Amino acid sequence: MSGRKTVSETLHEHVTLSFTADEVLHEATGHHKLELVRNRLFGKVLLLDGAVQVTSADEFMYHEMMAHVPLMAHENPADVLIVGGGDCGLAEEVLKHARVKALTQVEIDASVLDFSRRHFAEFNAPVFDDPRFHVEIADGAEFASATQRRFDVVLVDSTDPSGPGAALFTPAFYANIKRILKPGGIAVTQNGVPFLQKHEFVRGLSALSSVFAVTRAYLVCVPTYFGGHMMLGWASETDDALNVPEEELARRAAGIDTRYYTPAHHRASFVLPRYIEDLLAEAQARP
């Protein structure tokens, strides 16, 4: 056991999480340090610059909640945009919805998609054979500022707010997301783990609140992203989609296979622990 290699998550100051690498599947160092290992509990574990991006064992938890909450809530989510999401686990969940007629994914690096297609086919293989799926290789912030297309739902499956990912947590970016949403549109964003990323959470939700009339945050628990609850941000211009009855959510969910999402949990995920309620209120109160 002592001779086994380990790989470590180094995203959070003062805290390190290590995974035993039962098998090293891929290592590369270029613009980023990329490590892909197999762990007995988490399956395939992908780290980029010391931050865990996805594991094959629990990816469904995050991806289901990011996809199904806004798509079930929307009356007609025909046109969907994903910014980021290079492992294509989110795209897999989106494409489970027959009401989705077109899915565009904007990814800055084509090699990320190639890598994910090769190494995570166990959950993303159906995506690449679906005629509704279209990829744009582009910077997400630049795409949002330039495109003339409009979408019903925009999902921002970004990395953390540092380096290139920082541009996806700004008022300017969110203003462009608002511009490209159709009337009644919904945006959902990745907003980290508030217990370990308090300032990032408040800053991100504050930026979102400065642009959209309605902002909320909802919970998902993903073992990989340690530190407590992970938060997804919600933005819209009205609260209509937040008030869809559970019976209607269940009707829309019929025939969609899930392992985490349920209509009851959909509604419950917006009920926040007090410390996160307080952080959200702080974010919403900022100018």
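The values are calculated or read from the model by the stated rules, or taken from the named source; none is laboratory data. These figures come from a predicted structure and were not determined experimentally. Quick reminder, even Gly has a Cβ in these numbers, built from the backbone with ideal geometry, and neighbours come from all protein chains shown.
Residue by residue through region 72-122, note down the ones that are assigned to a helix (DSSP H, G or I) and of a type in the set (D, E, K, R). Outline the logic, then answer.
We begin by selecting, within region 72-122, every residue assigned to a helix (DSSP H, G or I); these are 72-73, 89-94, 110-119, 121-122.
Within region 72-122, 92, 93, 114, 117, 118, 122 meet the criteria.
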Task: Neighbours by Cβ (under 8 Å, 6+ apart or cross-chain): first from region 143-160, touching a residue at least 24 places away in the same chain (Cβ under 8 Å); second part of a loop (DSSP other than H, G, I, E, B) and small (Gly, Ala, Ser) - done: 152/78; 155/85; 157/85; 160/192
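I need a count of the residues in region 234-253 that are in contact (Cβ under 8 Å) with a residue 24 or more places away in the chain and either more than 23 Å from the chain's Cα centre (by Cα) or within 22 Å of residue 96 (Cα to Cα) (or both).
Total meeting the criteria: 7.
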Task: region 48-75 - residue that is of a type in the set (Gly, Ala, Ser) and at pLDDT below 90 and, of those, nearest to residue 187 (Cα to Cα) - done: 51
Open item on the list: Filter region 18-47 down to the residues that are within 20 Å of the chain's Cα centre (by Cα) and at pLDDT below 90 and list them by number.
Closed with: 34, 47
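For region 227-249, state whether one or more residues are polar (S, T, N, Q), in the same structural domain as residue 79 (by TED's automatic domain parsing), buried (at least 23 other Cβ atoms within 10 Å of the Cβ) and in contact with a strand residue (DSSP E or B) (Cβ under 8 Å, 6 or more places away or on another chain). Talk me through it step by step, then tell me what you get.
The first filter runs over region 227-249 and keeps only residues polar (S, T, N, Q), leaving 236, 238, 243.
Going one step further and asking which of them are in the same structural domain as residue 79 (by TED's automatic domain parsing), we end up with 236, 238, 243.
If we keep only those that are buried (at least 23 other Cβ atoms within 10 Å of the Cβ) as well, we get 236.
When the remaining residues are screened for being in contact with a strand residue (DSSP E or B) (Cβ under 8 Å, 6 or more places away or on another chain), the result is 236.
Looking for residues that are polar (S, T, N, Q), in the same structural domain as residue 79 (by TED's automatic domain parsing), buried (at least 23 other Cβ atoms within 10 Å of the Cβ) and in contact with a strand residue (DSSP E or B) (Cβ under 8 Å, 6 or more places away or on another chain), one finds at least one in region 227-249, hence yes.
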Task: Given (1) out of contact with any strand residue (DSSP E or B) (no Cβ under 7 Å at 6 or more places or on another chain); (2) modelled with pLDDT under 95; (3) surrounded by fewer than 15 Cβ atoms within 10 Å (Cβ to Cβ), index of the condition residue 130 fails - done: (2)
